[in-house]
Structure formats: structure tokens, C-alpha cells
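K.L.:
The structure's right below; bear with me while I get my questions together.
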Amino acid sequence: MGDARAILDLPSQGSDSKLKKMIIEIMVKPDRQADLARRTDLSAASVSAAIKELTNKGLVETEKGSGSSGKSRGGKVQLRQLRGVVVGVDLGFNHISVVARPVTSSFDQVVQRRETPGMNRGLRLLLPDVLNLIQDAVEETGQKMTDVVTTGLAVPRMVDPLTGTFTPPVLAPWRAEDRPAQELSAKLGVPVAMDNDANLGALAEQTYGSDEAIEHVAYVKASTGVGVGIMIGSILLRGQRGMAGELGHLTIEPDGEMCLCGGRGCLDTIVGAESLVAKAKQAQRGSSRDIPSTLSALVHNAQNGDAVCGRILNDAGRVLGFALAQLCNLINPRHIILGGELAEAGHLVLDTCRQELTRYALTGTVHQDGDFELRTSALSPFAEAQGALILGLQSRSSK
Ligand SMILES: [Zn+2]
């Protein structure tokens, strides 16, 4: 059996660079040649030549194509036997999520692990648990920790695309000096690539969330705060310092509550988990009812008919819809996909969100006839970890 590590260690410059890029994209997802060309921005001729060479080397094979009257669309190109495991990690405020799979397996065959609490304990206490979860997931794939070839890491922070470090302000419980990717890399012995969790949710949704190719995707992670990841074609819109898509700090009420970022009336101060839970506590003070202490508990109560919690989520959807209407007018996404704990509320949030989108966005940007779709994440709650796994692989194309 071949070794994925040997392929990923090939130089990213020179004659083998296209072969390496191609095989990495097939590790991300087996696809037809035309789709591989679209995903890699390589010409059809370059893709065809690379696939031919990889086939001759015995590394890939092409499924029999489908089609009628002798006209074949071409089958999916997939890897042959290859040893190696890829890992994605998502560090949330109160969760750790890990996904792992052999490089030859499909994204929907991934081993998933999720544990609470998360980063609210601080990085030093968190890392040993992260490593245990990775080990547990990797062993379930039937391979060993020494077979891990790449790892990606999702964090709920802005990450500078030039340096790979946090862009200020670095809000608690994170500290500016935290280096989670480097620390994890030292323990695992492989490079660890890091990016913002909403960015990676968008990458995963565009790659795995739909059977068809979707150019423009906005992924909204709404939990402790709200972040948006934006894919435009094969480009993840990060901005100069990784601050693109910080919708949580969009000013909604200029005279509103103070925000952690130093702003006032930010979206996070209205629909962030802490704010929603505080509203429930305030409304239910003095009552003997089950008062939620987390957003997940609030969602659970609402789904069980609690009128206060239901109304809080309806209202949150309304404010979120107003904010997303501004986003629609700016970038005109085809899909807006809601992830994070707030997405667990389903229609309790989506219905009012959709109403406000329709009310405030330019009609053409949110019209169903334009194929616009607002939905919850099909990959939830592992979208960010799946995106991290993709990032880990793709980051090797340039290293
Ligand atoms: Zn703010």
C-alpha cells in the first residue's frame, strides 16, 4: 500500500506540483475531471494530463462514467489504496469536535467525536483532551496516530491569513499569546493549519453540503457570538487581516449594550448566547420553571413548548435576518447556511429570519427563483471540523 505522507511531502513547486495539488483535491473529495478543474482553477487539459499520469503511477482510478447513447460524462476519479489519516478539530467556547478519516474514505464516512466543555477552561487544560479525542477517533479508523498526515484547526477567533496568528482584538477566554496550531503540531508531528471556524464551515458546506456546485456561499455560525464565512468561487474571503465576515460586530443599535469588542449595540450583544440566556433568566426570574443556563438548554425548552424561550428565539431570528439582509445586499450569496447552537432551533429561528430577509434585502438577492436558499447546516455540528480537515489537506498544496 502506498503512503499518503510521501505524496504530501513532494515539493509544491516544479513538475510534481500539479500532481500533488490534484491528489490533494481527490483526498478532499473524489470528483469528475470537470469538477476537479473547477475546484483547482486548473485548465481541463492540465487536469486530464495529471489524472493520466496519476493513473499510470497506479495512484488513482476513474469510475465507469454514466450517460446515454454512448455519451459519457466521465466517472469520478478516486484514490487507490493509500495509507494515511486526515484530521479536523474545532475548538469552541464550550465544546471540542474532532473528525478523522482515512485519506481514501468519503467525508460522510468520517469518525466523529464531540465533548464538552471547551475553550472556557483555557488552552492549557484543553489540549490534553483534544489529543485524547484525536487518538480515539484515529484508532477507530483502523489506523494509528503515526498515520496522521494532516490536521486542520477551527477556532472562533479572527486569524491573520498572512501570519496564521490571531488578529486583535483577541477576546477572552483566548489570549493573544495562545498558539494552538503550533502546540498541536508539536504533539502530532504534522503541520497544523488554522483558520476561523465560520470560514471553515463555509468551506465544508461548499465542498460537502450539496451535490451540485455552489459558487457563492455564506455560512453563519451563531453560538456564543455570530461569525460568517464567505466563499466566492474557490476563494475564501478572509480580508486583509482575517476580519472579513465579523457580522457579530455589525452595529445594530447605535445606543445599545456595550460589546466585548469595545463597540456598542453589536449583533452579538443581541443574539449572542449570553444575551439570549440572560433574557430568559430575566423573564423567568422568581418562577419555579426550568430556567436555561445555556443556549442549548434554551433551545431545548423552546422545542418543548416554553413560550418565553420560543419567543426569544423568534426574536433572535428576526434580528439575525435584518443583519443578514445587509450581507445579501453586499455579496449576493446563493446559499446562506445557518450553523452553530442557534441553528439547532430550526424553524423557531429560520421562519422569522426568512421574513426579515425578505423584508429588508433587495428582492432579487433572496428570491427563490434566483435559487436563493436559507437553510440550516446539513453537516452540523461538525461543519467547522470538516472544514478544518479540508484546510489541513489544502494547506499542503503550497508547502
Ligand atoms: Zn462587538
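The values are calculated or read from the model by the stated rules, or taken from the named source; none is laboratory data. The structure presented is a predicted model; accordingly, all values stated were derived computationally and were not measured. Here the Cβ positions follow ideal geometry from the backbone for every residue, glycine too, while neighbour counts run over all protein chains shown. Surface accessibility is based on the protein's heavy atoms, side chains included, excluding ligands, DNA and RNA. Shrake-Rupley method; radii C 1.70, N 1.55, O 1.52, S 1.80 Å.
K.L.:
Quick check: residue separation of Ala278 and Thr363 times 0.36 nm, minus the Cα distance between them. What number comes out in nm?
P.N.:
27.1 nm
K.L.:
Determine the sum of side-chain charges near Arg264: Lys and Arg each +1, Asp and Glu each -1, restricted to other residues whose C-beta is under 11 angstrom from that of Arg264.
P.N.:
-3
K.L.:
Checking the cross-link filter: which lysines have an alpha carbon closer than 19 Å to that of Lys20, excluding same-chain neighbours under 8 positions apart?
P.N.:
Lys29, Lys52, Lys57, Lys76, Lys399
K.L.:
Right, here's the next one. Please state the relative contact order of the chain as a whole percent: Cα pairs under 8 Å, 6+ residues apart?
P.N.:
On the way: 810 pairs, mean separation 67.5, N = 399.
It comes to 17 percent, rounded to a whole number.
K.L.:
Next question, about the same structure. Over region 145-274, give the accessible area per residue in Å² for a 1.4 Å probe, as an integer.
P.N.:
So region 145-274 comes to 40 Å² accessible per residue, rounded to a whole number.
K.L.:
Let me ask something else about it. Using helices alone, I'd like the mean residue ellipticity at 222 nm for the chain: each DSSP H run of four-plus residues gives -39500 (n - 2.57), total over residue count, nearest 500.
P.N.:
One gets -12000 deg cm²/dmol as the mean residue ellipticity at 222 nm.
K.L.:
What part of the accessible area of the chain, given as a whole %, is carbon or sulfur when the probe is 1.4 angstrom?
P.N.:
Ligands and nucleic acids excluded, carbon and sulfur give 49 percent.
K.L.:
Continuing with the same structure: Full extension from Asp3 to Ser46: what is 0.36 nm times the residue separation minus their Cα-Cα distance, to one decimal in nm?
P.N.:
Here the segment from Asp3 to Ser46 would lengthen by 13.1 nm.
K.L.:
Order His347, His249, His335 by their accessible area, 1.4 angstrom probe, all chains in place, largest first.
P.N.:
His347, His249, His335
K.L.:
Also, I was wondering about something else. Assuming a viscosity of 1.002 mPa s and a temperature of 20 °C, what translational diffusion coefficient in µm² per second does Stokes-Einstein assign to region 294-344, Rh being the Kirkwood radius over Cα pairs?
P.N.:
The estimated diffusion coefficient comes to 177 µm²/s.
K.L.:
Same structure again: May I ask for the net charge around Ala50, where only other residues with Cβ less than 12 Å from the Cβ of Ala50 are counted and Lys, Arg are +1 while Asp, Glu are -1?
P.N.:
Numbers: positive: Lys18, Lys20, Lys21, Lys52, Lys57; negative: Asp16, Glu25, Glu53.
Here the count lands on +2.
K.L.:
Accessible area, 1.4 Å probe, largest first: how do Phe93, Phe382 sort?
P.N.:
The ranking, largest first, comes out as Phe93, Phe382.
K.L.:
Test of understanding: what is the full-extension gain from Ala176 to Asp351, defined as 0.36 nm times their sequence separation minus their Cα-Cα distance?
P.N.:
59.2 nm
K.L.:
Using a probe radius of 1.4 Å on heavy atoms only, what accessible surface per residue do you get for region 305-347? Whole Å² is fine.
P.N.:
34 Å²
K.L.:
What is the pair-distance distribution P(r) of region 6-131, computed from all Cα-Cα distances in 5 Å bins starting at 0, with each bin given as a whole percent?
P.N.:
In whole percents, the pair-distance histogram is 2, 9, 17, 17, 14, 11, 10, 9, 6, 3, 1, 0, 0.
K.L.:
Check the straight Cα-Cα distances from Lys144 and name the lysines below 19 Å, setting aside those fewer than 8 residues away within the same chain.
P.N.:
Within the straight-line cut-off, Lys144 pairs with Lys187.
K.L.:
Within region 265-286, find all residues whose amide N lies under 20 Å from a label point positioned 7 Å from the Cα of Asn120 along Cα-to-beta-carbon.
P.N.:
268-285
K.L.:
What percent do you get for the relative contact order of region 273-399 when only Cα pairs under 8 Å and 6+ apart count?
P.N.:
Relative contact order comes out at 23 percent.
K.L.:
So, one more: So what does Glu115 come to for accessible area, using a 1.4 Å probe and Å² rounded to 10?
P.N.:
Its heavy atoms expose roughly 60 Å² to the probe.
K.L.:
Which residue fluctuates most in the GNM of the chain (Cα springs below 10 Å): Ile214, Ile235, Ile252?
P.N.:
Highest fluctuation of the listed residues: Ile235.
K.L.:
Which of the trypsin sites (Lys or Arg not before Pro) found in region 78-146 are loop residues per DSSP with 16 or fewer other Cβ atoms within 10 Å of their Cβ? Intermediate values should be presented prior to the final figure.
P.N.:
Details: sites: Arg80, Arg83, Arg113, Arg114, Arg121, Arg124, Lys144; in loops: Arg80, Lys144.
Sparse-neighbourhood loop trypsin sites (Lys or Arg not before Pro): Arg80, Lys144.
K.L.:
Just how far, in whole angstrom, is region 297-359 from region 75-108 if you go by their alpha carbon centroids?
P.N.:
Between the Cα centre of region 75-108 and that of region 297-359, the gap is 30 Å.
K.L.:
Which value, in Å² and to the nearest 10, is the accessible area of Thr55 when all protein chains are kept and the probe is 1.4 Å?
P.N.:
About 60 Å², rounded to the nearest 10.
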